[in-house]
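Participant: The structure follows.
The values are calculated or read from the model by the stated rules, or taken from the named source; none is laboratory data. Because the structure is a prediction, the values reported are computed rather than measured. With ideal geometry, Cβ positions are generated from the backbone for all residues, glycine too; neighbour counts draw on all protein chains shown. Each accessible area value is taken on the protein alone, full model and side chains, heavy atoms only, with ligands, DNA and RNA left out. Shrake-Rupley method; radii C 1.70, N 1.55, O 1.52, S 1.80 Å.
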Amino acid sequence: MEQKPIFKCTVKQQRIVLWYNKLTIFIPIGLYLGFLITLSVLPLTTLSTILHLEHDQNFKSLWVFFIAICVFGLMFSIIYTISTWLTTYEEYINYKMQFIILNFISLNIINLISNIIIYSYEVKISDVLFAKASKKKRFLINLGIWKWKTFDFVIIAMFAAVTLVLAFLETMLPNLPHGGSIALKYIPLTIIAFIHSALAGFITGAISALMSLLFIPSGFIVSPWSYLLDYFIPMIVPMIAGFMRFKVNNDKKYITYINYIIICFSIISLIYVSQVLVGALIWTTLFPDSVWPDYTNWLYSIVYNFIHSFIFTYPIMQIVIPLSLRSLAPVFWQRYLKYEG
């Protein structure tokens, strides 16, 4: 007989928590819609006057950036809304990491604070850490600590080769004026980290980053820091997919696809942060003429890197990776159940 989970909140309190989440999510949705409508309806001349900025091509780039921010915020708020309306209290507790990450991504501070409070009340600290042997074992599996066989090394070599091919193809694609285009190389790095482990993702990314030195134009690397922030760190970031499997189920539930969305967005966000840093600290310092008039180095780097990270690269990853993981996931499920069981 299956044992029902025991929660600290009563049934009535559980309903209140769920309805609170279902209703308060419409506050950020309303804010995003308001900003989006305002930015879309008001003429650019009026917006530039309100913001005390020149009405030029650079202001249009800034306008597109804020439009994109509102669209992404609205999109993830809607995903969170659908999740809260479809979930039960048990799923709400079991999928706590997904809900918290969705709150972070959508900048939903209201639900983030309430969720942290509820989860802190329901979940024991000992369960969050590795007091239970099963949780420690799962962490080691996600990390990639087990006895590797020939298959493990072969699959790393295969994915490193695919990554290098895609990285080479990127050099043939159209680029933005100061570099940056559709980044295809992160797709195989994310897949290997998910279907194998974080360690495999790190090794594949590190090998690919070092081998890519063979065809990166010399002018694109001006110092060790530029190589580290522009190439090496972005190529090992997808390793986090190995830790973001959450509750692994080989099914087609909506929460499984939300996992894929969270993985893609988290990886691109961390890569974006690295590239913003190198852009603001190195490239705009060495080439100050590339910075748009009336823009600081940081603002220029934030907007410029957002264009090629989220407008060019992210949509491709969000389409290809879920389809690939759904087809390649059985490789992982069998291995995961073998080592976990």
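Participant: Look at Phe99 and say whether it is surrounded by 14 or more Cβ atoms within 10 Å (Cβ to Cβ) and within 30 Å of Val291 (Cβ to Cβ).
Facilitator: no
Participant: Looking at the range 5-35, which of its residues are part of a helix (DSSP H, G or I), open to solvent by less than 50 Å² (accessible area, probe 1.4 Å) and either modelled with pLDDT under 90 or not aliphatic (A, V, I, L, M) (or both)?
Facilitator: Scanning the range 5-35 gives Gln14, Val17, Leu18, Asn21, Lys22, Thr24, Pro28, Gly30, Tyr32, Gly34.
Participant: Only one of Trp63, Trp85 is open to solvent by 70 Å² or more (accessible area, probe 1.4 Å) and closer than 20 Å to Ile27 by Cβ; which?
Facilitator: Answer to the check: Trp85.
Participant: Identify, from the list Ser61, Ser114, the residue that is at pLDDT below 85 and assigned to a helix (DSSP H, G or I).
Facilitator: Working: Ser114 fails: at pLDDT below 85.
Checking each option against the conditions leaves just Ser61.
Participant: Continuing with the same structure: Is there any pair with a first residue in the range 178-191 that is in the same structural domain as Tyr314 (by the TED database) and closer than 27 Å to Val291 by Cβ and a second that is modelled with pLDDT under 85 and not in a helix (DSSP H, G or I) whose Cβ atoms are under 7 Å apart and which are 6 or more apart or on different chains, and what are they?
Facilitator: Qualifying pairs under 7 Å: Ser181/Leu173; Ser181/Pro174; Ser181/Asn175; Ile182/Leu173.
Participant: Being among the β-branched types (Val, Ile, Thr), modelled with pLDDT of 80 or more and open to solvent by 20 Å² or more (accessible area, probe 1.4 Å): is that true of Ile125 here?
Facilitator: Considered against the rule, which asks whether it is among the β-branched types (Val, Ile, Thr), modelled with pLDDT of 80 or more and open to solvent by 20 Å² or more (accessible area, probe 1.4 Å), Ile125 comes out as no.
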